[in-house]
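The values are calculated or read from the model by the stated rules, or taken from the named source; none is laboratory data. Worth saying up front: this structure is predicted, and the values here are computed from it rather than measured. Reconstructed Cβ throughout: ideal geometry from the backbone, glycine too, with neighbour counts over all protein chains shown. Protein only, heavy atoms only, side chains kept; ligands, DNA and RNA dropped before computing areas. Shrake-Rupley method; radii C 1.70, N 1.55, O 1.52, S 1.80 Å.
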Amino acid sequence: MSWTPPVHALLSPITGDDQSTIEQIQLKPLYYAAQKEALARAGDDEDDQFFELAKLATGLSVKELDQLKRPDYVSIAQYVHEMSTRPASYFLQPDIEAEAVDDPDQVQLLQPLNVAGRSLTSLTLEMPVLRATKAMKKLKTANERAEFITAHCSGLMLPDLDLLTVPDWTQLQVRIDDFLNKPADFFRSATSK
C-alpha cells in the first residue's frame, strides 16, 4: 500500500488558468530528479527554491501560485519542507508500526518504484564493500558520491534513483550514512535485540 499525499483545502479559493475556481489542491510527492532540477533553476535564494518546489508539489502555474493568500502558501511551504527533509518513515509511520518492521535494511518506499518492468514497494540495502567506498571517494561532487553509493547499496541503477521520492531518498541516506560511518559493533547490537 503506497502513501497518498494530502489535499490542501484553500483558505481563500483562487482562479485557475482556465478560469475555474480552485478550492483545494491535491498535493503531490516530490521526486528526487525533479527536485534537483527545480533547485538548480532557483539558484541559492531560499524563497525562490520554495516557490519552485511549491510548483512541483501543487501542479499550479506561476500565475495560480501568485494568487495564493500567504497562509495557504505557508501551509504548502510546510508540506514542501517536510517532503524535502523527512524520511519516508515519517509519512508511513502508522503503516510501518502496524507491520512492525524490524529490519532497518528493508526500506519501505513512500511510492512504488517502477524499475526493469517491476514495481517495487521496498528496497533491501546492503552494506558497501570497501572497493565501492574507494571508488565513491574519487568522484568529484558530494551529489555524485551520494548517488553512486546509493545505487551500490540499493542495487538500483543510477537513472532509477531519479524516480525515488525525496523522502525515499532521505530514508536511504540515513541508513547508508550508518553503513559509511558506524563501527561493526553498532550493527551487532542493533541485530541482537
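Yes or no, residue by residue, for (1) over 28 Å from residue 24 (Cβ atoms); (2) assigned by the TED database to the domain that holds residue 24; (3) aliphatic (A, V, I, L, M):
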position: 51; (1), (2), (3): no, yes, no
position: 66; (1), (2), (3): no, yes, no
position: 69; (1), (2), (3): no, yes, no
position: 77; (1), (2), (3): no, yes, yes
position: 92; (1), (2), (3): no, no, yes
position: 111; (1), (2), (3): no, no, no
position: 129; (1), (2), (3): yes, no, yes
- prompt: How many of the residues in segment 113-131 are open to solvent by 80 Å² or more (accessible area, probe 1.4 Å) and either at positive phi or in contact (Cβ under 8 Å) with a residue 12 or more places away in the chain (or both)?
  reply: 5
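I need a count of the residues in segment 132-166 that are among the aliphatic types (A, V, I, L, M) and either open to solvent by 20 Å² or more (accessible area, probe 1.4 Å) or more than 18 Å from the chain's Cα centre (by Cα) (or both). Spell out the reasoning first.
Going through segment 132-166, the residues among the aliphatic types (A, V, I, L, M) turn out to be 132, 135-136, 139, 142, 146, 149, 151, 156-158, 161, 163-164, 166.
Now restrict to residues that are either open to solvent by 20 Å² or more (accessible area, probe 1.4 Å) or more than 18 Å from the chain's Cα centre (by Cα) (or both): 132, 135-136, 139, 142, 146, 157-158, 163.
Residues that pass the stated criteria total 9.
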statement: Among the residues of segment 143-169, the number that are in a helix (DSSP H, G or I) and under 17 Å from residue 37 (Cα atoms) is 11
message: Can you list the helices (runs of 4 or more DSSP H) lying wholly within segment 25-97 that have 3 or more residues being in contact (Cβ under 8 Å) with a residue 24 or more places away in the chain and open to solvent by less than 30 Å² (accessible area, probe 1.4 Å)?
response: 32-42, 46-58, 70-85
- line: Note on residue 17: of the conditions (1) charged (D, E, K, R); (2) under 24 Å from residue 4 (Cα atoms); (3) in contact with a Lys or Arg (Cβ under 7 Å, 6 or more places away or on another chain), unmet is (2)
- prompt: Any residue in segment 131-152 that is modelled with pLDDT of 95 or more and touching a strand residue (DSSP E or B) at 6+ places or on another chain (Cβ under 9 Å)?
  reply: no
message: Among (1) open to solvent by 50 Å² or more (accessible area, probe 1.4 Å); (2) hydrophobic (A, V, I, L, M, F, W, C); (3) at pLDDT below 95, there is one condition residue 9 misses while meeting the rest; what is its number?
response: (3)
